[in-house]
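Peer 1: Handing you this structure, nothing more for now.
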Amino acid sequence: TAKSSGGNGYRFFTPEMNEAAVARLSLEHALREAIEQGQFELYYQPKASLETMETVGVEALLRWRHPEMGMIPPSTFIPVAEETGMILAVGDWVLRAALEQIKRWERAGLEPLPVAVNVSVRQITSSHFAERIQSLLDEYGVRPDLLELEITETAMMSNMAFIADGLSELRGRGIRIAVDDFGTGYSSLSYLRRLPITTLKVDRSFVSEAPSNADTAAIAATIIAMGRQLGLTVVAEGIETQAQLDFLRRHRCHEAQGFLIGFPVPAAELEARCLRPARNKAAG
Ligand code: C2E
Ligand code: MG
Ligand code: MG
Ligand code: MG
């Protein structure tokens, strides 16, 4: 129901806009259904230490298996979920699913690995987010240091003043904070000093070109060195080749994630490949 364009700033919808609006509405509806009908699933991608090549953590990545449309990638529905506000419900589902999984691994006698969960700005700036996370941790009985929240550099910088307090509160509770896709947001590394972050995830675009492009290599090396200087855990994203791995090791990057290390897989597959039995406490 568009108003007339008579000076009040409203315009009639064009057919194209209308179609987009309808598509958006139906996606919003579909997302709600996805939660209710269990169409969401978390996949887990391992992160390996570059020193030992052991799995030191995993990232939870959301998958939507729609009954008619098949697998819908997050790049398609996350932006819409953010615009419509549905990201709060979706994000809540993701957090619960991840915490439940950590608990399940623990109960199965497996050594619990820290799980990184992607969160959007809308979530962090929603009221009482840190308290909400805390009550979820309490509800599932999960240690705060087993949860890491990933926020993209762009999201973080778009709203730094507003986000900083929330991040400090989360960090104060022992939750780890990662800057995701670092290097794509054109922000200064000196900004990082002011944020209570623990982890720097270097964007795939730097890593992939580093072994073959001298300029990119210089930037990637600088990011790693500065991240280390700031006392952050530096993780390289999107490792696909041995040359990339060698480059990162040479530049003393801490951890690597990517298809070469392991694809994102369902929990059961990750268990079979990457999880080890918890050390027996009685035996020391
Ligand atoms: P991200 O957090 O940067 O996640 C890494 C993405 O790169 C994942 O895509 C992963 O499958 C892909 N990837 C990992 N290793 C490689 C590699 O070696 N080569 C290449 N080409 N790609 C690799 P995915 O799962 O499609 O997710 C895309 C983005 O969607 C994520 O980027 C994240 O920003 C967002 N996302 C995923 N799950 C969630 C979620 O639960 N909540 C929110 N807010 N965003 C999410
Ligand atoms: Mg991420
Ligand atoms: Mg990333
Ligand atoms: Mg990325």
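The values are calculated or read from the model by the stated rules, or taken from the named source; none is laboratory data. As the structure is a computational prediction, the values presented were derived from the model and not from experiment. Cβ atoms come from the backbone with ideal geometry, glycine included; neighbour counts cover every protein chain shown. Each accessible area value is taken on the protein alone, full model and side chains, heavy atoms only, with ligands, DNA and RNA left out. Shrake-Rupley method; radii C 1.70, N 1.55, O 1.52, S 1.80 Å.
Peer 1: Given W93, W105, W64, which one is open to solvent by 60 Å² or more (accessible area, probe 1.4 Å) and aromatic (F, W, Y)?
Peer 2: Sole residue among the options that is open to solvent by 60 Å² or more (accessible area, probe 1.4 Å) and aromatic (F, W, Y): W93.
Peer 1: When segment 103-150 is examined, which residues are found to be away from ligand 2 (no atom under 16 Å from the Cβ) and under 16 Å from V58 (Cβ atoms)?
Peer 2: Result: K103, R104, W105, E106, A108, L110, E111, P112, V142, R143, D145, L146.
Peer 1: For segment 216-237, what are the residues that are touching a helix residue (DSSP H, G or I) at 6+ places or on another chain (Cβ under 8 Å), small (G, A, S) and more than 16 Å from ligand 3 (Cβ to nearest atom)?
Peer 2: A217
Peer 1: Which condition number in (1) charged (D, E, K, R); (2) touching a helix residue (DSSP H, G or I) at 6+ places or on another chain (Cβ under 6 Å); (3) modelled with pLDDT of 95 or more is the one that E28 fails?
Peer 2: (3)
Peer 1: What pairs come out if I take residues in segment 237-259 that are away from ligand 4 (no atom under 16 Å from the Cβ) and pair them with residues that are open to solvent by 50 Å² or more (accessible area, probe 1.4 Å) whose C-beta lies under 6 Å away, six or more apart or interchain?
Peer 2: So the pair list comes out as A243/P211; F247/P211.
Peer 1: Among the residues in segment 209-231, are any touching a Ser or Thr at 6+ places or on another chain (Cβ under 6 Å) and within 15 Å of ligand 2 (Cβ to nearest atom)? Even if it seems obvious, please write down each step before you answer.
Peer 2: Initially, segment 209-231 is screened for residues touching a Ser or Thr at 6+ places or on another chain (Cβ under 6 Å), giving 209-210.
In the following step, the residues that additionally are within 15 Å of ligand 2 (Cβ to nearest atom) were identified as none.
No - not one qualifying residue is present in segment 209-231.
Peer 1: Now a separate question. Tally time: how many residues in segment 120-144 are within 17 Å of the chain's Cα centre (by Cα), open to solvent by 40 Å² or more (accessible area, probe 1.4 Å) and under 14 Å from V94 (Cα atoms)?
Peer 2: Residues in segment 120-144 being within 17 Å of the chain's Cα centre (by Cα), open to solvent by 40 Å² or more (accessible area, probe 1.4 Å) and under 14 Å from V94 (Cα atoms): 0 in total.
Peer 1: While we're here: Any idea how many residues of segment 115-138 are among the acidic types (D, E) and either over 15 Å from I175 (Cβ atoms) or assigned to a loop (DSSP other than H, G, I, E, B) (or both)?
Peer 2: Residues of segment 115-138 that are among the acidic types (D, E), as a first pass: 131, 138.
This time we only want the ones that are either over 15 Å from I175 (Cβ atoms) or assigned to a loop (DSSP other than H, G, I, E, B) (or both), so: none.
Result for segment 115-138: 0.
Peer 1: Turning to a different aspect of this structure: Tally time: how many residues in segment 158-184 are aliphatic (A, V, I, L, M) and either within 15 Å of ligand 3 (Cβ to nearest atom) or without any contact (Cβ under 8 Å) to a residue 12 or more places away in the chain (or both)? Write out each step before concluding.
Peer 2: Narrowing segment 158-184 to residues aliphatic (A, V, I, L, M): 160-161, 163-164, 167, 170, 175, 177-179.
When the remaining residues are screened for being either within 15 Å of ligand 3 (Cβ to nearest atom) or without any contact (Cβ under 8 Å) to a residue 12 or more places away in the chain (or both), the result is 161, 177-179.
Residues in segment 158-184 being aliphatic (A, V, I, L, M) and either within 15 Å of ligand 3 (Cβ to nearest atom) or without any contact (Cβ under 8 Å) to a residue 12 or more places away in the chain (or both): 4 in total.
Peer 1: Hey, can you tell me all the residues within segment 152-190 that are open to solvent by 30 Å² or more (accessible area, probe 1.4 Å), within 16 Å of ligand 1 (Cβ to nearest atom) and within 19 Å of E131 (Cβ to Cβ)? Give the derivation first.
Peer 2: Taking segment 152-190 first, the residues open to solvent by 30 Å² or more (accessible area, probe 1.4 Å) are 152, 154, 157-162, 165, 168-169, 171-173, 176, 181, 184, 186, 188, 190.
Imposing the further condition that a residue be within 16 Å of ligand 1 (Cβ to nearest atom) reduces the set to 152, 154, 157-159, 176, 181, 184.
Passing the criteria: only R176.
Peer 1: Out of (1) of a type outside the set (S, T, N, Q); (2) open to solvent by 70 Å² or more (accessible area, probe 1.4 Å); (3) within 13 Å of ligand 1 (Cβ to nearest atom); (4) touching a helix residue (DSSP H, G or I) at 6+ places or on another chain (Cβ under 7 Å), the odd one out for E100 is which?
Peer 2: It fails just one condition, (3).
Peer 1: Looking only at segment 232-261, how many residues end up being within 21 Å of L62 (Cβ to Cβ) and either modelled with pLDDT under 95 or open to solvent by 10 Å² or more (accessible area, probe 1.4 Å) (or both)?
Peer 2: Total meeting the criteria: 4.
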